[in-house]
Amino acid sequence: MAINSKKEINFFRRLTPSQILVLGFAGVILLGTVLLMLPISTKDGTVTPFLDALFTATSAVCVTGLVVVDTGTYWSLFGQIVILLLIQVGGLGFMTVATLFAILLGRRINLRERIVIQEALNQASLEGIIKLTKQVILFTFSIEGVFAVILGLRFSLDYGFIKGMWFGIFHAVSAFNNAGFDLMGNFKSLTPYVGDVIVNLSIAILIITGGIGFYVISELFNLRKKGRLSLHSKITLMTTGLLLLLGTVVIFVMEYNNDKTLGALPFGQKILAAFFQAVTPRTAGFNTVDIAALHPATQYFIIILMFIGASPGSTGGGVKTTTFAVLTLAVINIILGRDEILVYNRRLPREQIFKAIAIVMISLSLINIVTFILTFTEGHNILMNMFETVSAFGTVGLSMGLTPELSELGRILIILMMFFGRVGPLTITYALAQRRKKALFTLPEEKVMVG
(Lines give C-alpha, C1' and ligand atoms only; values in the text may rest on other atoms or scores of the structure.)
Protein backbone atom coordinates (compact mmCIF):
# COMPACT_ATOMS: atom_id res chain seq x y z
CA MET A 1 0.00 0.00 0.00
CA ALA A 2 2.85 2.35 0.87
CA ILE A 3 4.58 1.53 -2.41
CA ASN A 4 1.47 2.41 -4.41
CA SER A 5 1.09 5.68 -2.49
CA LYS A 6 4.70 6.61 -3.28
CA LYS A 7 4.15 5.81 -6.97
CA GLU A 8 1.03 8.02 -7.05
CA ILE A 9 2.90 10.87 -5.33
CA ASN A 10 5.82 10.57 -7.78
CA PHE A 11 3.39 10.47 -10.71
CA PHE A 12 1.70 13.72 -9.67
CA ARG A 13 5.05 15.36 -8.98
CA ARG A 14 6.13 14.62 -12.53
CA LEU A 15 3.05 16.37 -13.95
CA THR A 16 3.48 19.89 -15.32
CA PRO A 17 1.08 22.65 -14.19
CA SER A 18 -0.64 22.44 -17.60
CA GLN A 19 -1.17 18.68 -17.22
CA ILE A 20 -2.56 19.15 -13.70
CA LEU A 21 -5.06 21.72 -14.97
CA VAL A 22 -6.21 19.49 -17.84
CA LEU A 23 -6.61 16.44 -15.58
CA GLY A 24 -8.28 18.53 -12.89
CA PHE A 25 -10.95 19.91 -15.22
CA ALA A 26 -11.48 16.42 -16.68
CA GLY A 27 -11.93 14.99 -13.17
CA VAL A 28 -14.54 17.60 -12.23
CA ILE A 29 -16.42 16.92 -15.49
CA LEU A 30 -16.49 13.16 -14.85
CA LEU A 31 -17.74 13.69 -11.29
CA GLY A 32 -20.46 16.01 -12.62
CA THR A 33 -21.41 13.44 -15.26
CA VAL A 34 -21.91 10.73 -12.63
CA LEU A 35 -24.06 13.02 -10.46
CA LEU A 36 -26.22 14.10 -13.41
CA MET A 37 -26.82 10.48 -14.39
CA LEU A 38 -28.49 9.79 -11.02
CA PRO A 39 -32.32 9.48 -11.17
CA ILE A 40 -32.61 12.21 -8.51
CA SER A 41 -31.12 14.70 -10.99
CA THR A 42 -34.08 14.58 -13.40
CA LYS A 43 -37.64 15.74 -12.84
CA ASP A 44 -39.18 12.45 -13.99
CA GLY A 45 -36.67 10.29 -12.07
CA THR A 46 -35.11 8.63 -15.14
CA VAL A 47 -31.42 7.91 -15.66
CA THR A 48 -29.87 10.41 -18.07
CA PRO A 49 -27.89 8.79 -20.92
CA PHE A 50 -24.14 9.03 -20.39
CA LEU A 51 -23.48 11.24 -23.43
CA ASP A 52 -26.22 13.72 -22.47
CA ALA A 53 -24.91 13.90 -18.89
CA LEU A 54 -21.32 14.27 -20.12
CA PHE A 55 -22.33 17.03 -22.56
CA THR A 56 -24.17 18.95 -19.81
CA ALA A 57 -21.37 18.51 -17.27
CA THR A 58 -18.75 19.63 -19.80
CA SER A 59 -20.84 22.63 -20.79
CA ALA A 60 -21.26 23.60 -17.11
CA VAL A 61 -17.61 23.12 -16.05
CA CYS A 62 -16.39 24.81 -19.24
CA VAL A 63 -18.94 27.60 -18.54
CA THR A 64 -20.38 27.35 -22.03
CA GLY A 65 -24.15 26.99 -21.86
CA LEU A 66 -24.79 24.77 -24.88
CA VAL A 67 -27.38 22.16 -23.87
CA VAL A 68 -28.89 19.04 -25.41
CA VAL A 69 -31.77 18.99 -22.90
CA ASP A 70 -33.63 22.00 -21.52
CA THR A 71 -32.16 23.02 -18.16
CA GLY A 72 -35.36 24.45 -16.74
CA THR A 73 -37.71 21.59 -17.61
CA TYR A 74 -35.50 18.47 -17.71
CA TRP A 75 -33.40 18.71 -14.54
CA SER A 76 -34.77 18.53 -11.00
CA LEU A 77 -33.76 20.99 -8.28
CA PHE A 78 -30.94 18.60 -7.32
CA GLY A 79 -29.76 18.45 -10.93
CA GLN A 80 -29.90 22.24 -11.25
CA ILE A 81 -27.86 22.62 -8.03
CA VAL A 82 -25.25 20.19 -9.41
CA ILE A 83 -25.08 22.27 -12.62
CA LEU A 84 -24.77 25.48 -10.57
CA LEU A 85 -21.87 24.05 -8.53
CA LEU A 86 -20.15 22.83 -11.70
CA ILE A 87 -20.50 26.31 -13.18
CA GLN A 88 -19.00 27.90 -10.06
CA VAL A 89 -16.06 25.47 -9.96
CA GLY A 90 -15.54 25.80 -13.71
CA GLY A 91 -15.66 29.59 -13.65
CA LEU A 92 -13.37 30.09 -10.68
CA GLY A 93 -11.15 27.16 -11.68
CA PHE A 94 -10.77 24.03 -9.57
CA MET A 95 -7.42 25.23 -8.21
CA THR A 96 -9.04 28.43 -6.90
CA VAL A 97 -11.77 26.36 -5.24
CA ALA A 98 -9.15 23.99 -3.80
CA THR A 99 -7.26 27.01 -2.45
CA LEU A 100 -10.48 28.25 -0.82
CA PHE A 101 -10.86 24.96 1.07
CA ALA A 102 -7.18 24.98 2.01
CA ILE A 103 -7.53 28.50 3.44
CA LEU A 104 -10.68 27.53 5.36
CA LEU A 105 -8.86 24.51 6.80
CA GLY A 106 -5.81 26.62 7.68
CA ARG A 107 -3.48 24.59 5.43
CA ARG A 108 -0.39 26.23 3.94
CA ILE A 109 -0.21 26.50 0.14
CA ASN A 110 3.12 25.06 -1.03
CA LEU A 111 5.26 26.34 -3.92
CA ARG A 112 4.09 23.71 -6.41
CA GLU A 113 0.44 24.54 -5.73
CA ARG A 114 1.20 28.24 -6.14
CA ILE A 115 2.75 27.55 -9.57
CA VAL A 116 -0.40 25.67 -10.67
CA ILE A 117 -2.58 28.54 -9.41
CA GLN A 118 -0.36 30.96 -11.33
CA GLU A 119 -0.95 28.91 -14.50
CA ALA A 120 -4.70 28.71 -13.82
CA LEU A 121 -5.04 32.48 -13.34
CA ASN A 122 -2.69 33.16 -16.26
CA GLN A 123 -0.38 35.35 -14.17
CA ALA A 124 3.17 36.29 -15.15
CA SER A 125 4.54 36.16 -11.60
CA LEU A 126 4.12 34.18 -8.36
CA GLU A 127 4.27 37.40 -6.36
CA GLY A 128 1.01 37.99 -4.50
CA ILE A 129 -0.69 34.98 -6.12
CA ILE A 130 -2.44 33.83 -2.90
CA LYS A 131 -3.55 37.39 -2.12
CA LEU A 132 -5.00 37.63 -5.64
CA THR A 133 -6.76 34.29 -5.19
CA LYS A 134 -8.37 35.50 -1.95
CA GLN A 135 -9.48 38.69 -3.72
CA VAL A 136 -10.93 36.60 -6.57
CA ILE A 137 -12.96 34.47 -4.16
CA LEU A 138 -14.19 37.43 -2.10
CA PHE A 139 -15.12 39.53 -5.14
CA THR A 140 -16.85 36.62 -6.90
CA PHE A 141 -19.13 35.74 -4.01
CA SER A 142 -19.80 39.42 -3.26
CA ILE A 143 -20.90 40.43 -6.75
CA GLU A 144 -22.83 37.20 -7.27
CA GLY A 145 -24.60 37.78 -3.94
CA VAL A 146 -25.56 41.38 -4.72
CA PHE A 147 -26.97 40.62 -8.15
CA ALA A 148 -28.61 37.39 -6.95
CA VAL A 149 -30.73 39.59 -4.68
CA ILE A 150 -31.47 42.14 -7.42
CA LEU A 151 -32.42 39.49 -9.99
CA GLY A 152 -34.21 37.40 -7.36
CA LEU A 153 -36.49 40.29 -6.38
CA ARG A 154 -37.22 40.99 -10.06
CA PHE A 155 -37.98 37.35 -10.88
CA SER A 156 -40.12 37.09 -7.73
CA LEU A 157 -42.66 39.34 -9.42
CA ASP A 158 -43.16 36.64 -12.07
CA TYR A 159 -42.48 33.36 -10.23
CA GLY A 160 -43.14 34.00 -6.54
CA PHE A 161 -40.55 34.72 -3.85
CA ILE A 162 -38.93 31.29 -3.35
CA LYS A 163 -38.70 30.33 -7.03
CA GLY A 164 -37.79 33.90 -7.96
CA MET A 165 -34.87 34.01 -5.50
CA TRP A 166 -33.61 30.63 -6.76
CA PHE A 167 -33.78 32.00 -10.30
CA GLY A 168 -31.86 35.05 -9.12
CA ILE A 169 -29.09 32.97 -7.54
CA PHE A 170 -28.79 30.62 -10.53
CA HIS A 171 -28.71 33.35 -13.18
CA ALA A 172 -26.32 35.58 -11.19
CA VAL A 173 -23.79 32.74 -10.87
CA SER A 174 -24.35 31.67 -14.48
CA ALA A 175 -23.90 35.23 -15.79
CA PHE A 176 -20.81 36.17 -13.75
CA ASN A 177 -19.11 32.93 -14.75
CA ASN A 178 -20.10 33.57 -18.39
CA ALA A 179 -21.93 30.23 -18.47
CA GLY A 180 -25.20 31.08 -20.21
CA PHE A 181 -27.31 28.40 -18.51
CA ASP A 182 -30.86 29.55 -17.78
CA LEU A 183 -33.98 28.16 -16.09
CA MET A 184 -36.61 29.87 -18.25
CA GLY A 185 -37.57 26.63 -19.99
CA ASN A 186 -38.12 25.53 -23.58
CA PHE A 187 -34.71 26.80 -24.75
CA LYS A 188 -35.95 30.43 -24.82
CA SER A 189 -33.17 31.92 -22.64
CA LEU A 190 -33.99 35.51 -21.62
CA THR A 191 -36.17 36.37 -24.64
CA PRO A 192 -39.21 37.10 -22.38
CA TYR A 193 -37.15 39.93 -20.84
CA VAL A 194 -35.95 41.61 -24.05
CA GLY A 195 -37.17 45.01 -22.87
CA ASP A 196 -36.54 44.61 -19.14
CA VAL A 197 -33.85 47.10 -18.09
CA ILE A 198 -33.16 45.50 -14.69
CA VAL A 199 -32.62 41.99 -16.08
CA ASN A 200 -30.65 43.15 -19.14
CA LEU A 201 -28.29 45.50 -17.31
CA SER A 202 -27.80 43.18 -14.33
CA ILE A 203 -26.87 40.24 -16.54
CA ALA A 204 -24.71 42.46 -18.78
CA ILE A 205 -22.77 43.90 -15.81
CA LEU A 206 -22.14 40.40 -14.46
CA ILE A 207 -20.98 39.14 -17.88
CA ILE A 208 -18.63 42.07 -18.50
CA THR A 209 -17.21 41.98 -14.96
CA GLY A 210 -16.61 38.24 -15.11
CA GLY A 211 -15.11 38.53 -18.59
CA ILE A 212 -12.47 41.23 -18.10
CA GLY A 213 -10.32 39.06 -15.84
CA PHE A 214 -9.66 38.93 -12.12
CA TYR A 215 -6.27 40.64 -12.42
CA VAL A 216 -7.88 43.67 -14.08
CA ILE A 217 -10.60 43.78 -11.42
CA SER A 218 -7.94 43.68 -8.70
CA GLU A 219 -6.03 46.55 -10.33
CA LEU A 220 -9.17 48.66 -10.65
CA PHE A 221 -9.90 48.20 -6.94
CA ASN A 222 -6.31 49.15 -6.05
CA LEU A 223 -6.11 52.01 -8.57
CA ARG A 224 -6.23 54.75 -5.93
CA LYS A 225 -3.37 53.12 -4.01
CA LYS A 226 -1.15 52.35 -7.03
CA GLY A 227 -2.10 55.38 -9.11
CA ARG A 228 -1.81 53.61 -12.47
CA LEU A 229 -2.97 50.60 -14.43
CA SER A 230 -0.67 48.02 -15.98
CA LEU A 231 -0.35 47.74 -19.75
CA HIS A 232 -2.35 44.50 -19.60
CA SER A 233 -5.30 46.19 -17.90
CA LYS A 234 -5.21 49.17 -20.27
CA ILE A 235 -5.26 46.94 -23.35
CA THR A 236 -7.97 44.71 -21.86
CA LEU A 237 -10.29 47.60 -20.99
CA MET A 238 -9.65 49.40 -24.28
CA THR A 239 -10.30 46.29 -26.41
CA THR A 240 -13.36 45.23 -24.40
CA GLY A 241 -14.87 48.71 -24.66
CA LEU A 242 -14.25 48.99 -28.41
CA LEU A 243 -15.68 45.53 -29.11
CA LEU A 244 -18.81 46.26 -27.05
CA LEU A 245 -19.34 49.59 -28.82
CA LEU A 246 -18.67 48.12 -32.28
CA GLY A 247 -20.87 45.10 -31.55
CA THR A 248 -23.79 47.25 -30.38
CA VAL A 249 -23.64 49.56 -33.41
CA VAL A 250 -23.28 46.75 -35.97
CA ILE A 251 -26.09 44.61 -34.53
CA PHE A 252 -28.35 47.67 -34.12
CA VAL A 253 -27.85 48.75 -37.75
CA MET A 254 -28.05 45.29 -39.31
CA GLU A 255 -31.11 44.13 -37.34
CA TYR A 256 -32.97 47.44 -37.14
CA ASN A 257 -35.65 46.44 -39.67
CA ASN A 258 -35.67 42.69 -38.98
CA ASP A 259 -39.19 42.06 -37.65
CA LYS A 260 -38.06 38.73 -36.14
CA THR A 261 -35.45 40.37 -33.92
CA LEU A 262 -35.20 44.15 -33.33
CA GLY A 263 -37.68 45.38 -35.94
CA ALA A 264 -40.82 45.07 -33.82
CA LEU A 265 -39.28 46.67 -30.71
CA PRO A 266 -39.57 50.35 -29.64
CA PHE A 267 -36.45 52.43 -30.33
CA GLY A 268 -35.14 52.29 -26.74
CA GLN A 269 -35.57 48.52 -26.58
CA LYS A 270 -33.78 48.17 -29.94
CA ILE A 271 -30.69 49.81 -28.39
CA LEU A 272 -30.98 47.68 -25.24
CA ALA A 273 -31.38 44.44 -27.23
CA ALA A 274 -28.49 45.33 -29.57
CA PHE A 275 -26.25 46.08 -26.58
CA PHE A 276 -27.20 42.83 -24.84
CA GLN A 277 -26.52 40.78 -27.99
CA ALA A 278 -23.12 42.52 -28.27
CA VAL A 279 -22.31 41.64 -24.65
CA THR A 280 -23.23 37.93 -24.74
CA PRO A 281 -20.66 36.88 -27.39
CA ARG A 282 -18.09 37.87 -24.74
CA THR A 283 -18.61 34.14 -23.95
CA ALA A 284 -21.83 34.35 -21.90
CA GLY A 285 -24.48 32.68 -24.08
CA PHE A 286 -27.67 34.38 -22.93
CA ASN A 287 -29.85 35.94 -25.58
CA THR A 288 -32.93 38.17 -25.59
CA VAL A 289 -33.72 37.74 -29.31
CA ASP A 290 -33.90 34.58 -31.41
CA ILE A 291 -30.34 33.93 -32.63
CA ALA A 292 -31.60 31.73 -35.48
CA ALA A 293 -33.71 34.65 -36.76
CA LEU A 294 -30.77 37.05 -37.10
CA HIS A 295 -29.58 37.96 -40.58
CA PRO A 296 -26.76 35.62 -41.77
CA ALA A 297 -24.36 38.58 -41.85
CA THR A 298 -25.16 39.35 -38.19
CA GLN A 299 -24.65 35.70 -37.27
CA TYR A 300 -21.26 35.74 -38.97
CA PHE A 301 -20.34 38.95 -37.14
CA ILE A 302 -21.26 37.27 -33.83
CA ILE A 303 -19.00 34.35 -34.79
CA ILE A 304 -16.09 36.82 -34.97
CA LEU A 305 -16.98 38.26 -31.54
CA MET A 306 -17.26 34.75 -30.06
CA PHE A 307 -13.89 33.77 -31.51
CA ILE A 308 -12.22 36.75 -29.80
CA GLY A 309 -14.04 35.98 -26.54
CA ALA A 310 -13.27 37.34 -23.07
CA SER A 311 -9.99 38.38 -21.43
CA PRO A 312 -7.18 36.30 -19.86
CA GLY A 313 -7.61 35.16 -16.26
CA SER A 314 -11.40 35.51 -16.51
CA THR A 315 -14.33 33.11 -16.49
CA GLY A 316 -14.65 33.31 -20.29
CA GLY A 317 -13.11 31.60 -23.31
CA GLY A 318 -12.07 32.46 -26.86
CA VAL A 319 -8.61 33.44 -28.04
CA LYS A 320 -8.94 36.40 -25.63
CA THR A 321 -9.18 40.15 -26.18
CA THR A 322 -5.50 40.75 -25.49
CA THR A 323 -4.46 38.16 -28.10
CA PHE A 324 -6.62 39.95 -30.66
CA ALA A 325 -5.23 43.32 -29.57
CA VAL A 326 -1.60 42.18 -29.71
CA LEU A 327 -1.97 40.85 -33.27
CA THR A 328 -3.86 43.98 -34.36
CA LEU A 329 -1.14 46.19 -32.89
CA ALA A 330 1.52 44.07 -34.61
CA VAL A 331 -0.16 44.61 -37.99
CA ILE A 332 -0.55 48.37 -37.37
CA ASN A 333 3.09 48.75 -36.34
CA ILE A 334 4.29 46.77 -39.37
CA ILE A 335 2.22 49.02 -41.66
CA LEU A 336 3.78 52.05 -39.96
CA GLY A 337 7.22 50.59 -40.70
CA ARG A 338 8.23 49.95 -37.09
CA ASP A 339 10.46 47.06 -36.07
CA GLU A 340 8.96 46.95 -32.59
CA ILE A 341 5.38 46.73 -31.30
CA LEU A 342 4.70 49.94 -29.39
CA VAL A 343 1.59 50.76 -27.34
CA TYR A 344 0.99 53.23 -24.48
CA ASN A 345 4.71 54.14 -24.50
CA ARG A 346 5.66 50.53 -23.93
CA ARG A 347 7.29 47.86 -26.12
CA LEU A 348 5.74 44.40 -26.36
CA PRO A 349 8.15 41.41 -26.17
CA ARG A 350 8.45 39.39 -29.38
CA GLU A 351 7.67 36.12 -27.58
CA GLN A 352 4.18 37.47 -26.83
CA ILE A 353 3.62 38.05 -30.54
CA PHE A 354 4.66 34.45 -31.26
CA LYS A 355 2.39 33.18 -28.49
CA ALA A 356 -0.56 35.14 -29.86
CA ILE A 357 0.08 33.78 -33.36
CA ALA A 358 0.28 30.22 -32.00
CA ILE A 359 -3.02 30.60 -30.10
CA VAL A 360 -4.87 31.95 -33.13
CA MET A 361 -3.43 29.40 -35.58
CA ILE A 362 -4.12 26.40 -33.32
CA SER A 363 -7.64 27.68 -32.64
CA LEU A 364 -8.45 28.40 -36.30
CA SER A 365 -7.14 25.00 -37.35
CA LEU A 366 -9.28 23.16 -34.83
CA ILE A 367 -12.39 25.23 -35.60
CA ASN A 368 -12.04 24.60 -39.33
CA ILE A 369 -11.51 20.85 -38.86
CA VAL A 370 -14.55 20.46 -36.59
CA THR A 371 -16.72 22.68 -38.81
CA PHE A 372 -15.74 20.59 -41.83
CA ILE A 373 -16.64 17.33 -40.06
CA LEU A 374 -19.96 18.71 -38.75
CA THR A 375 -20.90 20.00 -42.20
CA PHE A 376 -20.37 16.48 -43.51
CA THR A 377 -22.08 14.58 -40.67
CA GLU A 378 -24.91 16.88 -39.52
CA GLY A 379 -26.37 17.92 -42.86
CA HIS A 380 -26.81 21.63 -42.05
CA ASN A 381 -25.33 24.66 -43.80
CA ILE A 382 -21.77 25.63 -43.03
CA LEU A 383 -22.74 28.86 -41.22
CA MET A 384 -24.84 26.97 -38.66
CA ASN A 385 -22.09 24.41 -38.09
CA MET A 386 -19.41 27.08 -37.76
CA PHE A 387 -21.59 29.08 -35.36
CA GLU A 388 -22.01 26.03 -33.12
CA THR A 389 -18.31 25.16 -33.28
CA VAL A 390 -17.07 28.66 -32.46
CA SER A 391 -19.70 29.00 -29.73
CA ALA A 392 -18.33 25.81 -28.13
CA PHE A 393 -14.70 26.86 -28.55
CA GLY A 394 -15.36 30.33 -27.15
CA THR A 395 -17.37 28.74 -24.29
CA VAL A 396 -20.17 31.09 -25.32
CA GLY A 397 -23.29 28.93 -25.46
CA LEU A 398 -25.21 30.83 -28.15
CA SER A 399 -26.87 28.50 -30.63
CA MET A 400 -28.87 28.66 -33.83
CA GLY A 401 -30.78 25.60 -32.64
CA LEU A 402 -28.36 22.89 -33.76
CA THR A 403 -27.24 21.55 -30.35
CA PRO A 404 -30.26 19.37 -29.45
CA GLU A 405 -30.20 17.86 -32.97
CA LEU A 406 -26.52 16.86 -32.95
CA SER A 407 -25.60 13.25 -33.70
CA GLU A 408 -23.47 11.31 -31.20
CA LEU A 409 -20.33 12.16 -33.16
CA GLY A 410 -21.40 15.80 -33.30
CA ARG A 411 -21.92 15.91 -29.54
CA ILE A 412 -18.52 14.37 -28.89
CA LEU A 413 -16.86 16.95 -31.15
CA ILE A 414 -18.64 19.83 -29.42
CA ILE A 415 -17.69 18.39 -26.00
CA LEU A 416 -14.03 18.37 -27.07
CA MET A 417 -14.34 21.93 -28.39
CA MET A 418 -15.83 23.18 -25.10
CA PHE A 419 -13.05 21.51 -23.11
CA PHE A 420 -10.38 22.82 -25.46
CA GLY A 421 -11.81 26.34 -25.31
CA ARG A 422 -12.07 26.48 -21.51
CA VAL A 423 -8.68 25.03 -20.64
CA GLY A 424 -6.99 26.95 -23.44
CA PRO A 425 -5.23 26.03 -26.70
CA LEU A 426 -1.69 26.46 -25.39
CA THR A 427 -2.41 24.81 -22.03
CA ILE A 428 -3.60 21.63 -23.74
CA THR A 429 -0.75 21.77 -26.27
CA TYR A 430 1.81 22.12 -23.47
CA ALA A 431 0.08 19.35 -21.50
CA LEU A 432 0.37 16.93 -24.43
CA ALA A 433 3.90 17.99 -25.33
CA GLN A 434 7.12 17.20 -23.54
CA ARG A 435 8.56 19.73 -21.12
CA ARG A 436 9.79 22.79 -22.95
CA LYS A 437 13.55 23.08 -23.15
CA LYS A 438 15.65 26.09 -24.01
CA ALA A 439 17.94 25.74 -26.99
CA LEU A 440 21.61 25.20 -26.12
CA PHE A 441 22.80 27.01 -29.25
CA THR A 442 21.51 29.34 -31.98
CA LEU A 443 21.40 28.32 -35.64
CA PRO A 444 22.23 30.68 -38.51
CA GLU A 445 19.38 32.95 -39.65
CA GLU A 446 18.05 32.84 -43.20
CA LYS A 447 15.03 34.59 -44.69
CA VAL A 448 12.20 33.15 -46.78
CA MET A 449 9.89 35.10 -49.11
CA VAL A 450 6.43 35.77 -47.66
CA GLY A 451 3.41 37.69 -48.90
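Could you put Leu21, Leu38 in order of accessible surface area, largest first, with the 1.4 Å probe and the full protein assembly present?
Leu38, Leu21
Pop out the carbon and sulfur fraction of the accessible area of region 313-377 as a percent, whole number, probe 1.4 Å.
With neighbouring chains kept in place, the figure for region 313-377 is 66 percent.
State the percentage of accessible surface on region 244-296 attributable to carbon and sulfur atoms; use a 1.4 Å probe and exclude ligands, DNA and RNA.
Looking at region 244-296 in its full context, I get 68 percent from C and S.
Calculate, for Phe221 and Lys43, the FRET efficiency according to 1/(1 + (r/R0)^6) with r their C-beta to C-beta distance and R0 41 Å; round to the nearest 0.05.
After rounding, the FRET efficiency stands at 0.45.
Express in Å², to the nearest 10, the accessible area of Ile369 obtained by rolling a 1.4 Å probe over the protein heavy atoms while all chains stay in place.
100
Taking a probe of 1.4 angstrom, what is the accessible area of Leu246 in Å², to the nearest 10?
Here the residue's solvent-accessible area equals roughly 90 Å².
Could you calculate the FRET efficiency of Leu138 with Phe267 from 1/(1 + (r/R0)^6), where r is the beta carbon distance between them and R0 is 35 Å, rounded to 0.05?
Efficiency for this residue pair is about 0.30.
Length gain on complete extension for the stretch Leu342 to Ser76, per 0.36 nm per residue less the alpha carbon to alpha carbon distance?
So the chain would gain 90.4 nm between Leu342 and Ser76.
Accessible area of region 47-90 with a 1.4 Å probe: how many percent of it is carbon plus sulfur?
After summing per-atom areas, the C and S share lands at 82 percent.
Relative to the present Cα-Cα distance, how much length would full extension add between Gln352 and Leu364 at 0.36 nm per residue of separation?
Between Gln352 and Leu364, full extension yields 2.5 nm more.
Whenever you get a sec, line up Ile271, Ile207, Ile162 from highest to lowest accessible area (probe 1.4 Å, protein heavy atoms).
Ile162, Ile271, Ile207
Provide Ser233, Ser218 ordered by accessible surface of protein heavy atoms (probe 1.4 Å), highest first.
These residues rank, largest area first, as Ser218, Ser233.
When ligands, DNA and RNA are left out and all protein chains stay put, how many square angstrom of accessible area per residue does region 160-314 have with a 1.4 Å probe?
38
Stretched out fully, how many nm does the piece from Ile334 to Leu51 gain, at 0.36 nm a residue minus the Cα gap?
97.1 nm
The values are calculated or read from the model by the stated rules, or taken from the named source; none is laboratory data. Model, not experiment: these values are computed from the prediction. Note: ideal-geometry Cβ built from the backbone for every residue, glycine included; neighbour counts use all protein chains shown. Quick note on the areas: whole protein, heavy atoms, side chains included, nothing else; ligands and nucleic acids left out. Shrake-Rupley method; radii C 1.70, N 1.55, O 1.52, S 1.80 Å.
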